[in-house]
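Below is one structure, written out as structure tokens; the observations come after it.
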Amino acid sequence: MKMKDKLPTKYSPKEVEEKWYRFWEKGNFFHSVPDPDKEPFTIVIPPPNVTGVLHMGHALNNILQDILIRWKRMQGYNSLWMPGTDHAGIATQNVVEKELMKKGLSRDKLGREKFIEEVWKWKNEYGSEILRQLRKLGCSCDWERERFTMDEGLSRAVREAFVRLYEKGLIYRGKYIINWCPRCITALSDDEVEHEDHEGHLWYIRYPFRDAPHLYVNIATTRPETMLGDVAVAVNPKDERYKEMIGEILILPVVGREIPIIADEAVDPRFGTGAVKVTPAHDPNDFEIGKRHNLEPILIMNEDGTIKGEAASYLGMDRYECREALVEELKEEKHIVKVVPHTHSVGHCYRCRTVIEPYLSDQWFVKMKPLAEEAIKAHKKVDITFYPERWSKVYLSWLENVRDWCISRQIWWGHRIPAWHCKNCEEVTISSQTPTECSKCGNNALIQDEDVLDTWFSSALWPFSTMGWPDETEELKYYYPTSTLVTDRGIIYFWVARMVMMGLELKNEVPFSHVYIHGTILDEIGRKMSKSLGNGIDPLLMIDQYGADAVRTSMIMLTTEGQDIKLHENRFEMGRNFINKVWNAARFAMMNLEGNKSTDTTIKEEDYLFEDVWIKNRLSLAIETCTASLEKYKFNEAIKTLYEFIWHEFCDWYLEIIKPRLYNSDNIRSKVIAQKVLTYVLDNILRLLHPFAPFLTEEIWQHLKQLAVKNRLILTDTMVSESLMICPWPKEDAAKINKKVVKTMMLLQDLIRAVRNIRRNMNILKKQKLKVLISVRDKEVKRELDEHHNFLTQMANLDGLEVGIDLKKPESSASEVVNEIQVFVPLRELIDVGVEKERQLERLNKIKSHLETVRKKLFNENFVKNAPERVVNTEKDKEAELLGQIIKIKGFLQDLNKNVPV
Ligand SMILES: [Zn+2]
Ligand SMILES: [Zn+2]
């Protein structure tokens, strides 16, 4: 691409981002094809919902993936980042239903087939929005391979997986308690139910003994109408109050049914009276109790929430109408002991707010135990490693306590279950292809199961279904198992564990070897970001405002090893400042690389000056630390290393030190060497920073490349690439580490900082040249400092420097101590000691009066007792800080003139 000659003064993200993203896509740099000569590095994206809009959680998740993908690509791996979306069953169905409602249409009016057509129309129009948004972040996904969980190939994989699991006896049909919305007439998954505290009642009802009708057991319930479906009363076996009664028979009031008292560990003796009614068809815990005790559930409600069953007088009533009437009847019969107000959590349908009814129905299940056992075995063999490690316990404990997975959903949008019921013999035919006849009786009166599969069923196959499974494609052979999965802790069970199980069952291999679990994005006071709180931050707005690279680097600076992140908009300034710093440094460097047409000079090791050797050493260390951090998924340490190196070593020191060499045309050789080192370091910085800030680095690097070509002498070997993103990742040169140089530089920096401190404390201007005396203890150190006389003079801006052994402190001079070395700056000729004394005294008084106000607060008992701890601590910190300042100023005053009364 043709570039302008110079970098513009200001970095403008918008132009740069669009330009380079187009360039990368055109150059096919994101596309990966199987190549037996290269090792693959593969990530499958956690497919966002087609209904999704990019939020901060997605942004973080995908920035992390892009960093890994770009870094590995530069390391020479064949990087593949497989993108795609999830059909998101119920969420998508809802969105489309809402759209239809606006047009006065409904799902039922349209019928299943027409409705599905509408969903596809919607999907084709809006379904890729979130993937378009990922491009704005700079994500280098292989877009040619984009997949969708409902596309042809993946649907085939879903049917095939279902059939294989069914044939192995790992899928079965059975009764199960599900969350049922009587208004929407559908089952809801657990995460589609919103829990909210309700101020309801607890009804205490007495159930008489069959053989002693004047005696009762009292039970407490929040949903009295469900007693119509009671099949037992349960108590805790350890509960002394009821021990003698276990096995006795009670008469269910109103209904007259005989029910036993049973003992079950699950009963909490502290709830109500310690005796609970057991309604297996309408409560998930009771369902489990019922299963353990072989009790036949009794369903007392229709799908729309109206009453059915034995109690004739309540038939057809709505569940709440029934509750009222039933309570009336119980009161009349003197079966109500008391009613007390009771607040408890109630589940609501997330789209219509109707109270959920736990409801027994026929569902399809995956038998999880055998699958979990394989996953546990794989975990023990360390086939999978979690980063941070603590998540592996969470994962494992879920596997060990896993329950069968209900995979059927009563909605229309999704993979329809490949099961056909025979009208003639009721046999179920399971097939990956639509069967023409019943597998048992041969009749062709077949009806496909109405239900669709849980969305997570297809996502569990994602790592191999996206590669063409069940066919043994070239892709599958080459990329599977994938390398790393990057995801949120919220879906360790839903997704990570199920992918592992399906991978082991259907592919005989774990789907990935590393799992990186990142933190959750919270608002600045630690709440989850949500639409209803309105505390979300829109990543696209942030990109628009700060630039994609600033958003990326800020987010990474904020992540510490999978910890949650408290985010506020102003945190992006941190990234933007860093991006601008790099931009300005690069601009400065490049302005000073130009205008040199000298011939190629070969440079030998010994030609490098002290600072050249030092910066190359520091670079080596930065490369080593950054690479090692990324290998351990410590993204934050990696970016911190780069930040420190670029800002505080390259910019603050190296660029400053070499200025005279760059500006001086008399010593061409020294200048050329500085230019070479500068180019070398800048090129490495850009490569290291590329995975974090791809746009900025590409923009600078392309300019640098052009410049390097123009001025032949500074060309480095990596500059032949078409794009920075395919340049090799820097390698550190361990042999080059020169400890002596690094140590000397540390001492010089400390001394220069000491002089700068004195300037600041004594109010001496930066441009004012100083005379400095440095007093050392031994000859060796003196020799070393003399050797770097020019360095010290330049960086501390001195016009006189004397280094001597055991020098005496001159009158009225400021001093600082570095190790055993003393730095003196005589002040008499520099400043008006009297005026400076006044100034310091004034400062001292201000600080003292500030201290007084702080102390007043801290001595006030009411404040200390009543103010939040955080506020009190801030005041305490202030006190300590002010005291420290006072001691310091007293020291300055002593330097200015001894015995100043303070
Ligand atoms: Zn509903
Ligand atoms: Zn049949």
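The values are calculated or read from the model by the stated rules, or taken from the named source; none is laboratory data. Since the model is a prediction, treat every value here as computed from it, not as a measurement. Heads up, the Cβs are rebuilt from the backbone with ideal geometry, glycines too, and the neighbour counts pull from every protein chain shown. Surface accessibility is based on the protein's heavy atoms, side chains included, excluding ligands, DNA and RNA. Shrake-Rupley method; radii C 1.70, N 1.55, O 1.52, S 1.80 Å.
Find the eigenvalues of the gyration tensor of the Cα atoms of the stretch 199-343, then list the square roots of 5 times those eigenvalues as equivalent ellipsoid semi-axes, largest first, in whole angstrom.
On the way: eigenvalues 100, 58, 46 Å².
In descending order, the three semi-axes are 22, 17, 15 Å.
Relative contact order for the stretch 199-343: what percent, with Cα pairs under 8 Å and sequence separation of 6 or more? Intermediate results must be reported in sequence, preceding the final value.
Values: 288 pairs, mean separation 43.3, N = 145.
Reported as a whole number, the value is 30 percent.
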Mind listing the Cα extents of the stretch 500-596 along all three principal axes, in Å, largest one first? 65, 42, 22
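At 1.4 Å probe radius, can you tell me the per residue accessible area of the chain in Å²?
Values: 42280 Å² over 902 residues.
That works out to 47 Å² per residue.
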Percent of accessible area on the stretch 199-343 owned by carbon and sulfur, 1.4 Å probe? 49
Report, please, the projected area of the stretch 833-896 averaged over directions, based on the convex hull of its C-alpha atoms, in nm². 4.1
Which cross-chain or sequence-distant (5 or more) residues have an amide H under 5 Å from the amide H of LEU522, H modelled 1.01 Å from N in plane? ILE565, LYS566, LEU567
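By per-residue mean of other Cβ atoms within 10 Å, what is the highest-first order of 519-532, 683-696, 285-298, 44-57? Write out the running numbers ahead of the final one.
Values: 519-532: 13.4, 683-696: 25.4, 285-298: 17.6, 44-57: 21.8.
Top of the packing list down: 683-696, 44-57, 285-298, 519-532.
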What is the antiparallel percent of DSSP beta bridges lying wholly in the chain, to the nearest 5? 70
Quick one: accessible surface of TYR387, probe radius 1.4 Å, all protein chains present, in square angstrom to the nearest 10. 50
Rounded to the nearest 10 Å², the 1.4 Å probe accessible area of TYR480 is 10
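For the stretch 544-737, what does the relative contact order come out to in percent, with C-alpha contacts under 8 Å and a separation of six or more? Let's see the in-between values first.
Values: 200 pairs, mean separation 55.7, N = 194.
Taking the mean separation of contacting Cα pairs over the length of the stretch 544-737, I get 29 percent.
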Keeping all protein chains in position, work out how much accessible area ARG112 exposes to a 1.4 Å probe, and write it in Å² to the nearest 10. 40
Write down the radius of gyration of the chain and its Dmax, each obtained from C-alpha positions, in Å. 36.7, 116
For GLU437, what is the net charge nearby, where nearby means another residue's Cβ is under 13 Å from its Cβ and Lys, Arg count +1, Asp, Glu -1? +1
Cα axis of helix 112-126 to longest principal axis of the chain: angle in degrees, 0 to 90, nearest 10? 10
I need two numbers for the stretch 741-826: Rg to one decimal and Dmax as a whole number, Cα atoms only, in Å. 11.8, 35
Computed over the chain: relative contact order in percent, which uses C-alpha pairs under 8 Å that are six or more apart: 12
Explain nothing, just compute: Karplus ³J(HN,Hα) = 6.51 cos²θ - 1.76 cosθ + 1.60, θ = phi - 60°, for every residue of the stretch 250-264 in order, whole Hz, x for Gly and Pro. 10, 10, 6, x, 6, 7, x, 5, 8, 10, x, 8, 10, 10, 8
Put +1 on the Cβ of each Lys and Arg and -1 on the Cβ of each Asp and Glu in the stretch 760-902; which of GLY891, SER815, ASN860 then has its Cα farthest toward the positive end of the dipole? ASN860
How big is D, in µm² s⁻¹, for the stretch 259-351 by Stokes-Einstein at 10 °C and 1.306 mPa s if Rh is the Kirkwood radius over C-alpha pairs? 102
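Over all distinct Cα pairs, what is the inverse of the mean 1/r for the stretch 552-669, reported as the Kirkwood hydrodynamic radius in Å?
On the way: mean 1/r = 0.0602 Å⁻¹.
Answer for the stretch 552-669: a Kirkwood hydrodynamic radius of 16.6 Å.
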Other-chain or far-sequence residues with amide H under 5 Å of HIS198's (modelled H): HIS344, SER345, VAL346
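How long are the three semi-axes of the equivalent ellipsoid of the stretch 615-749, in whole Å, if each is the root of 5 times an eigenvalue of the C-alpha gyration tensor, listed from largest down?
On the way: eigenvalues 110, 90, 31 Å².
Whole-Å semi-axes of the equivalent ellipsoid: 23, 21, 13.
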Output wanted: per-residue J couplings in Hz (rounded whole) for the stretch 875-890, from phi through Karplus 6.51 cos²θ - 1.76 cosθ + 1.60, θ = phi - 60°, x for Gly and Pro. 5, 5, 4, 4, 4, 4, 4, 5, 4, x, 4, 4, 4, 4, 4, 4
Amide H neighbours of GLY84 at under 5 Å, excluding residues fewer than 5 places away on the same chain, with H built from the backbone geometry, are ARG147
Percent of all Cα-Cα pairs per 10 Å bin for the stretch 1-149, counting from 0 up to the last occupied bin, reads 10, 31, 27, 19, 9, 3, 0
What angle do you read, to the nearest 10 degrees and between 0 and 90, between the alpha-carbon axis of helix 319-332 and the longest principal axis of the chain? 60
Heavy atoms only, 1.4 Å probe, whole protein assembly: order PHE464, PHE23 by accessible area, highest first. PHE23, PHE464
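Per residue of the chain, what 222 nm ellipticity follows from adding -39500 (n - 2.57) for every DSSP H run with n ≥ 4, rounded to the nearest 500? Show your work: numbers first, answer last.
Values: 29 runs with 374 residues, N = 902.
That comes out to -13000 deg cm²/dmol.
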To the nearest 20 debye, what is the magnitude of the charge dipole of the chain about its Cα centre, counting +1 on the Cβ of each Lys and Arg and -1 on the Cβ of each Asp and Glu? 3660
For LYS528, counting only lysines whose alpha-carbon sits under 25 Å away and dropping same-chain residues fewer than eight positions off, the answer is LYS136, LYS393, LYS566, LYS634
Relative to the longest principal axis of the C-alpha atoms of the chain, give the angle of the C-alpha long axis of helix 833-859, reported between 0 and 90° and rounded to the nearest 10°. 20
For a quick check of your reading of the filter: which trypsin sites (Lys or Arg not before Pro) in the stretch 800-858 sit in a DSSP loop and have no more than 16 other Cβ atoms within 10 Å? LYS808, ARG828
Roughly how many Å is it from the Cα centre of the stretch 262-338 to that of the stretch 728-795, as a whole number? 82
Pop out the carbon and sulfur fraction of the accessible area of the stretch 669-814 as a percent, whole number, probe 1.4 Å. 52
